[in-house]
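Below is one structure, written out as C-alpha coordinates, with a few remarks after it.
The values are calculated or read from the model by the stated rules, or taken from the named source; none is laboratory data. Everything numeric in this text was worked out from a predicted model, so none of it was measured. Virtual Cβ from ideal backbone geometry, glycine too; neighbours counted across all protein chains shown. When the accessible area is computed, the model is the full protein with side chains, heavy atoms only, and any ligands, DNA or RNA have been set aside. Shrake-Rupley method; radii C 1.70, N 1.55, O 1.52, S 1.80 Å.
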Amino acid sequence: MALNEQTIERLAEHLENCQLQVRDTPKITDEHPGMDWDDAYAIQDAILARKLSRGARVVGLKAGLTSHAKMRQMGVTDPVFGFLVDGYAVAEGAAVDTRALIHPKVEPEIAFVLKHALKGPGCHIGAVLAATDFVMPGIEVIDSRYRDFKFDLKSVIADNTSAARFVVGGRAVRPEGVDLRTVGVVLEKNGQPVALGAGAAVLGHPAAAIAMLANHLGRRGREIPAGSLILSGGVTEAVAVAAGDSVSLRVQGMGCTNLRFD
Ligand code: OOG
Ligand code: MG
(Lines give C-alpha, C1' and ligand atoms only; values in the text may rest on other atoms or scores of the structure.)
(Ligands and ions follow the chains in the order given, each with its own letter.)
Protein backbone atom coordinates (compact mmCIF):
# COMPACT_ATOMS: atom_id res chain seq x y z
CA MET A 1 0.00 0.00 0.00
CA ALA A 2 1.29 3.43 -0.92
CA LEU A 3 -1.54 5.49 0.62
CA ASN A 4 -2.34 5.82 4.29
CA GLU A 5 -5.72 4.94 5.76
CA GLN A 6 -6.79 8.56 6.01
CA THR A 7 -6.12 9.21 2.32
CA ILE A 8 -8.00 6.05 1.36
CA GLU A 9 -11.01 7.18 3.43
CA ARG A 10 -10.85 10.68 1.93
CA LEU A 11 -10.73 9.37 -1.64
CA ALA A 12 -13.60 6.95 -0.94
CA GLU A 13 -15.68 9.80 0.45
CA HIS A 14 -14.79 12.01 -2.52
CA LEU A 15 -15.70 9.39 -5.13
CA GLU A 16 -18.89 8.37 -3.37
CA ASN A 17 -19.92 12.00 -2.98
CA CYS A 18 -19.44 12.47 -6.71
CA GLN A 19 -21.81 9.55 -7.25
CA LEU A 20 -24.40 10.78 -4.71
CA GLN A 21 -24.22 14.40 -5.87
CA VAL A 22 -24.11 13.48 -9.57
CA ARG A 23 -20.92 15.35 -10.44
CA ASP A 24 -17.73 14.25 -12.12
CA THR A 25 -14.07 14.50 -11.08
CA PRO A 26 -10.67 14.16 -12.69
CA LYS A 27 -9.20 10.68 -12.18
CA ILE A 28 -7.69 10.30 -8.73
CA THR A 29 -4.31 9.02 -9.95
CA ASP A 30 -3.64 12.58 -11.24
CA GLU A 31 -3.23 13.59 -7.59
CA HIS A 32 -1.90 10.23 -6.35
CA PRO A 33 0.32 8.83 -9.11
CA GLY A 34 2.02 6.43 -6.67
CA MET A 35 -1.15 4.62 -5.60
CA ASP A 36 -1.01 0.85 -6.08
CA TRP A 37 -3.54 -1.93 -6.82
CA ASP A 38 -4.15 -2.64 -3.14
CA ASP A 39 -4.89 1.05 -2.57
CA ALA A 40 -7.35 1.01 -5.46
CA TYR A 41 -9.28 -1.97 -4.07
CA ALA A 42 -9.03 -0.54 -0.54
CA ILE A 43 -10.76 2.63 -1.75
CA GLN A 44 -13.45 0.50 -3.41
CA ASP A 45 -13.86 -1.46 -0.15
CA ALA A 46 -14.15 1.81 1.80
CA ILE A 47 -16.92 2.98 -0.56
CA LEU A 48 -18.73 -0.33 0.06
CA ALA A 49 -18.31 0.10 3.83
CA ARG A 50 -19.87 3.59 3.60
CA LYS A 51 -22.87 2.16 1.74
CA LEU A 52 -23.25 -0.81 4.12
CA SER A 53 -23.20 1.56 7.09
CA ARG A 54 -26.24 3.30 5.58
CA GLY A 55 -28.11 0.01 5.24
CA ALA A 56 -27.21 -1.05 1.69
CA ARG A 57 -26.92 -4.73 0.89
CA VAL A 58 -24.57 -6.41 -1.59
CA VAL A 59 -26.71 -8.14 -4.24
CA GLY A 60 -24.01 -9.12 -6.69
CA LEU A 61 -20.51 -8.79 -8.06
CA LYS A 62 -19.19 -7.70 -11.42
CA ALA A 63 -16.25 -8.18 -13.71
CA GLY A 64 -15.48 -5.39 -16.14
CA LEU A 65 -13.14 -4.66 -19.03
CA THR A 66 -13.27 -8.37 -19.88
CA SER A 67 -13.67 -7.92 -23.65
CA HIS A 68 -11.21 -6.51 -26.18
CA ALA A 69 -13.95 -4.14 -27.38
CA LYS A 70 -14.24 -2.65 -23.89
CA MET A 71 -10.49 -2.61 -23.26
CA ARG A 72 -9.97 -0.80 -26.56
CA GLN A 73 -12.81 1.63 -25.86
CA MET A 74 -11.37 2.55 -22.46
CA GLY A 75 -7.66 2.27 -23.33
CA VAL A 76 -6.81 -0.33 -20.67
CA THR A 77 -5.45 -3.87 -20.69
CA ASP A 78 -6.77 -5.89 -17.73
CA PRO A 79 -10.12 -6.86 -16.20
CA VAL A 80 -11.38 -5.19 -13.03
CA PHE A 81 -13.86 -6.30 -10.35
CA GLY A 82 -16.53 -4.50 -8.36
CA PHE A 83 -19.70 -4.89 -6.30
CA LEU A 84 -23.42 -4.33 -6.90
CA VAL A 85 -25.71 -3.10 -4.11
CA ASP A 86 -29.50 -3.29 -3.85
CA GLY A 87 -29.99 0.31 -4.96
CA TYR A 88 -28.42 -0.55 -8.32
CA ALA A 89 -30.94 -3.28 -9.19
CA VAL A 90 -33.62 -2.20 -11.68
CA ALA A 91 -36.79 -4.25 -12.27
CA GLU A 92 -37.27 -5.54 -15.80
CA GLY A 93 -38.85 -2.89 -17.99
CA ALA A 94 -38.60 -0.24 -15.28
CA ALA A 95 -37.26 3.28 -15.77
CA VAL A 96 -33.88 4.54 -14.57
CA ASP A 97 -33.90 8.17 -13.46
CA THR A 98 -31.14 9.77 -15.52
CA ARG A 99 -31.05 12.79 -13.17
CA ALA A 100 -29.29 10.53 -10.65
CA LEU A 101 -26.56 9.67 -13.17
CA ILE A 102 -23.71 11.67 -14.71
CA HIS A 103 -23.29 10.20 -18.23
CA PRO A 104 -24.76 6.70 -18.31
CA LYS A 105 -23.87 4.01 -20.83
CA VAL A 106 -25.32 0.51 -21.27
CA GLU A 107 -23.52 -2.77 -21.82
CA PRO A 108 -24.81 -6.20 -22.91
CA GLU A 109 -23.67 -8.85 -20.46
CA ILE A 110 -24.22 -12.45 -19.41
CA ALA A 111 -25.11 -12.85 -15.75
CA PHE A 112 -24.17 -15.96 -13.78
CA VAL A 113 -25.94 -17.18 -10.64
CA LEU A 114 -23.96 -19.69 -8.57
CA LYS A 115 -25.33 -22.66 -6.64
CA HIS A 116 -21.93 -23.29 -4.99
CA ALA A 117 -19.21 -20.96 -3.72
CA LEU A 118 -16.11 -20.48 -5.87
CA LYS A 119 -12.69 -20.02 -4.40
CA GLY A 120 -9.36 -19.30 -6.07
CA PRO A 121 -6.50 -19.66 -6.69
CA GLY A 122 -6.70 -22.12 -9.56
CA CYS A 123 -10.35 -21.53 -10.40
CA HIS A 124 -11.06 -22.31 -14.09
CA ILE A 125 -13.95 -22.39 -16.55
CA GLY A 126 -14.82 -25.98 -15.62
CA ALA A 127 -15.16 -25.16 -11.95
CA VAL A 128 -17.28 -22.11 -12.80
CA LEU A 129 -19.68 -24.10 -15.00
CA ALA A 130 -19.97 -26.83 -12.35
CA ALA A 131 -20.81 -24.20 -9.71
CA THR A 132 -23.26 -22.26 -11.92
CA ASP A 133 -26.97 -22.71 -11.31
CA PHE A 134 -28.07 -20.67 -14.34
CA VAL A 135 -27.10 -17.86 -16.69
CA MET A 136 -29.33 -15.05 -17.95
CA PRO A 137 -29.15 -11.81 -19.94
CA GLY A 138 -28.11 -8.71 -18.03
CA ILE A 139 -27.83 -5.05 -19.01
CA GLU A 140 -25.32 -3.09 -16.97
CA VAL A 141 -25.66 0.69 -16.72
CA ILE A 142 -22.21 2.12 -16.04
CA ASP A 143 -21.63 5.72 -15.00
CA SER A 144 -17.98 6.55 -14.39
CA ARG A 145 -17.54 9.30 -11.85
CA TYR A 146 -14.55 10.44 -13.91
CA ARG A 147 -14.81 13.34 -16.33
CA ASP A 148 -15.59 12.15 -19.86
CA PHE A 149 -15.12 8.50 -18.76
CA LYS A 150 -11.33 9.16 -18.81
CA PHE A 151 -9.49 6.94 -16.34
CA ASP A 152 -6.74 4.41 -15.84
CA LEU A 153 -7.19 0.98 -14.23
CA LYS A 154 -6.40 2.01 -10.68
CA SER A 155 -8.76 4.98 -10.81
CA VAL A 156 -11.63 2.91 -12.21
CA ILE A 157 -11.13 0.14 -9.62
CA ALA A 158 -11.31 2.74 -6.84
CA ASP A 159 -14.54 4.02 -8.43
CA ASN A 160 -16.08 0.54 -8.11
CA THR A 161 -15.60 -0.03 -11.85
CA SER A 162 -18.23 2.60 -12.80
CA ALA A 163 -21.07 0.47 -11.36
CA ALA A 164 -24.40 2.30 -11.28
CA ARG A 165 -27.45 0.20 -12.24
CA PHE A 166 -28.26 -3.19 -13.75
CA VAL A 167 -31.17 -5.32 -14.83
CA VAL A 168 -31.23 -9.09 -15.30
CA GLY A 169 -34.07 -11.10 -16.74
CA GLY A 170 -35.17 -12.94 -19.83
CA ARG A 171 -34.89 -16.70 -19.53
CA ALA A 172 -32.63 -18.37 -16.97
CA VAL A 173 -30.79 -21.24 -18.65
CA ARG A 174 -28.69 -24.01 -17.16
CA PRO A 175 -25.08 -23.64 -18.28
CA GLU A 176 -25.11 -27.04 -20.02
CA GLY A 177 -28.06 -25.86 -22.13
CA VAL A 178 -26.08 -23.21 -24.01
CA ASP A 179 -22.67 -22.75 -25.63
CA LEU A 180 -21.63 -19.48 -24.02
CA ARG A 181 -18.88 -18.93 -26.60
CA THR A 182 -21.12 -18.88 -29.66
CA VAL A 183 -24.24 -17.43 -28.06
CA GLY A 184 -25.35 -14.34 -30.01
CA VAL A 185 -25.98 -11.04 -28.23
CA VAL A 186 -28.00 -8.14 -29.67
CA LEU A 187 -28.37 -4.83 -27.83
CA GLU A 188 -31.12 -2.55 -29.13
CA LYS A 189 -31.68 1.12 -28.37
CA ASN A 190 -35.07 2.51 -29.32
CA GLY A 191 -35.69 -0.53 -31.51
CA GLN A 192 -32.42 -0.29 -33.46
CA PRO A 193 -29.57 -2.78 -33.01
CA VAL A 194 -26.64 -0.74 -31.67
CA ALA A 195 -24.18 -3.44 -30.56
CA LEU A 196 -23.79 -7.07 -31.64
CA GLY A 197 -21.51 -9.80 -30.41
CA ALA A 198 -20.98 -13.36 -29.25
CA GLY A 199 -20.10 -14.64 -25.79
CA ALA A 200 -16.52 -15.50 -26.76
CA ALA A 201 -15.79 -11.75 -26.94
CA VAL A 202 -15.49 -11.99 -23.14
CA LEU A 203 -12.08 -13.60 -22.52
CA GLY A 204 -12.84 -16.43 -24.98
CA HIS A 205 -15.65 -17.66 -22.68
CA PRO A 206 -17.68 -15.56 -20.21
CA ALA A 207 -17.07 -18.15 -17.46
CA ALA A 208 -13.38 -17.17 -17.64
CA ALA A 209 -14.36 -13.76 -16.19
CA ILE A 210 -15.99 -15.48 -13.21
CA ALA A 211 -12.89 -17.66 -12.72
CA MET A 212 -10.70 -14.53 -12.76
CA LEU A 213 -12.94 -12.95 -10.12
CA ALA A 214 -12.67 -16.07 -7.92
CA ASN A 215 -8.87 -16.02 -8.31
CA HIS A 216 -8.75 -12.29 -7.57
CA LEU A 217 -10.79 -12.78 -4.36
CA GLY A 218 -8.76 -15.89 -3.48
CA ARG A 219 -5.60 -13.76 -3.40
CA ARG A 220 -7.36 -11.67 -0.75
CA GLY A 221 -8.55 -14.68 1.26
CA ARG A 222 -12.14 -14.29 0.03
CA GLU A 223 -14.49 -16.30 -2.17
CA ILE A 224 -17.58 -15.83 -4.32
CA PRO A 225 -20.41 -17.00 -2.05
CA ALA A 226 -23.00 -19.56 -3.17
CA GLY A 227 -26.06 -17.82 -4.58
CA SER A 228 -24.10 -14.88 -5.94
CA LEU A 229 -25.19 -13.02 -9.05
CA ILE A 230 -22.21 -11.96 -11.15
CA LEU A 231 -22.10 -9.81 -14.27
CA SER A 232 -19.33 -11.19 -16.48
CA GLY A 233 -18.58 -7.97 -18.37
CA GLY A 234 -19.69 -6.11 -21.47
CA VAL A 235 -19.59 -8.24 -24.63
CA THR A 236 -19.34 -5.11 -26.81
CA GLU A 237 -18.44 -1.45 -26.38
CA ALA A 238 -20.74 0.48 -24.05
CA VAL A 239 -23.45 2.65 -25.66
CA ALA A 240 -24.38 6.11 -24.33
CA VAL A 241 -28.01 6.61 -23.28
CA ALA A 242 -30.17 9.59 -22.33
CA ALA A 243 -33.65 10.31 -20.96
CA GLY A 244 -36.29 8.94 -23.32
CA ASP A 245 -34.25 5.96 -24.48
CA SER A 246 -35.38 2.38 -24.13
CA VAL A 247 -32.85 -0.43 -24.26
CA SER A 248 -33.33 -4.14 -24.70
CA LEU A 249 -30.91 -7.02 -24.75
CA ARG A 250 -31.61 -10.26 -26.56
CA VAL A 251 -29.34 -13.23 -25.95
CA GLN A 252 -29.74 -16.31 -28.14
CA GLY A 253 -31.81 -18.94 -26.34
CA MET A 254 -32.14 -16.71 -23.25
CA GLY A 255 -34.87 -14.31 -24.31
CA CYS A 256 -34.80 -10.62 -23.70
CA THR A 257 -34.52 -8.12 -20.87
CA ASN A 258 -34.98 -4.38 -20.99
CA LEU A 259 -35.11 -1.07 -19.18
CA ARG A 260 -35.92 2.56 -19.95
CA PHE A 261 -34.39 5.92 -19.08
CA ASP A 262 -36.36 8.97 -18.03
C1 OOG B 1 -15.47 0.38 -16.51
C2 OOG B 1 -16.48 -0.74 -16.26
C3 OOG B 1 -16.49 -1.71 -17.40
C4 OOG B 1 -17.53 -3.81 -18.35
O5 OOG B 1 -18.50 -4.59 -18.38
O6 OOG B 1 -16.60 -3.91 -19.15
C7 OOG B 1 -17.54 -2.74 -17.31
C8 OOG B 1 -15.95 1.38 -17.53
O9 OOG B 1 -15.85 1.09 -18.73
O10 OOG B 1 -16.38 2.47 -17.14
O11 OOG B 1 -18.41 -2.77 -16.48
MG1 MG C 1 -20.06 -4.02 -17.17
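Values as computed for the structure displayed
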quantity	calculated
Condition check for His103: within 15 Å of ligand 1 (Cβ to nearest atom), within 21 Å of Val22 (Cβ to Cβ), under 17 Å from the mean Cα position of the chain (by Cα) and not polar (S, T, N, Q)	yes
One residue from Thr29, Thr66, Thr7, Thr25 being open to solvent by less than 20 Å² (accessible area, probe 1.4 Å) and over 22 Å from Val239 (Cα atoms)	Thr29
Single condition Ala69 does not satisfy, out of (1) in contact with a helix residue (DSSP H, G or I) (Cβ under 7 Å, 6 or more places away or on another chain); (2) at pLDDT 95 or above; (3) of a type in the set (A, V, I, L, M, F, W, C)	(2)
Sole residue being part of a strand (DSSP E or B) and surrounded by 21 or more Cβ atoms within 10 Å (Cβ to Cβ), chosen from Val167, Val128	Val167
Options Ala89, Ala40, Ala56: the member that is away from ligand 1 (no atom under 16 Å from the Cβ), open to solvent by less than 60 Å² (accessible area, probe 1.4 Å), within 23 Å of Pro225 (Cα to Cα) and among the aliphatic types (A, V, I, L, M)	Ala56
Test for His116: is it more than 23 Å from Ala242 (Cα to Cα), touching a helix residue (DSSP H, G or I) at 6+ places or on another chain (Cβ under 6 Å) and open to solvent by 20 Å² or more (accessible area, probe 1.4 Å)	yes
Count - residues of region 69-89 that are more than 19 Å from Cys18 (Cα to Cα) and within 14 Å of ligand 2 (Cβ to nearest atom)	9
Subset of region 136-190 (residues that are of a type in the set (Lys, Arg) and free of Cβ contacts under 8 Å to residues at least 60 places away in the same chain)	Arg174, Arg181
Restricting region 201-252 to residues that are polar (S, T, N, Q) and within 15 Å of ligand 1 (Cβ to nearest atom), the residue that is farthest from Thr98 (Cα to Cα)	Ser232
Matching helices (runs of 4 or more DSSP H) fully within region 1-79 where at least 1 residues are under 15 Å from the mean Cα position of the chain (by Cα)	37-53, 68-74
Whichever residue in region 131-164 is in a loop (DSSP other than H, G, I, E, B) and either open to solvent by 40 Å² or more (accessible area, probe 1.4 Å) or touching a Leu at 6+ places or on another chain (Cβ under 8 Å) (or both) and, among such residues, is nearest to Glu188 (Cα to Cα)	Asp143
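Here is a yes/no grid of residues against (1) touching a helix residue (DSSP H, G or I) at 6+ places or on another chain (Cβ under 6 Å); (2) acidic (Asp, Glu); (3) free of Cβ contacts under 8 Å to residues at least 24 places away in the same chain:
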{"residue": "Glu237", "(1), (2), (3)": "yes, yes, no"}
{"residue": "Asp245", "(1), (2), (3)": "no, yes, no"}
{"residue": "Arg250", "(1), (2), (3)": "no, no, no"}
{"residue": "Gly255", "(1), (2), (3)": "no, no, no"}
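Conditions tested, residue by residue: (1) open to solvent by less than 10 Å² (accessible area, probe 1.4 Å); (2) outside any helix (DSSP H, G or I).
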{"position": "Glu176", "(1), (2)": "no, no"}
{"position": "Gly197", "(1), (2)": "no, yes"}
{"position": "Ala209", "(1), (2)": "yes, no"}
{"position": "Gly218", "(1), (2)": "no, no"}
{"position": "Gly234", "(1), (2)": "yes, yes"}
{"position": "Ala242", "(1), (2)": "no, yes"}
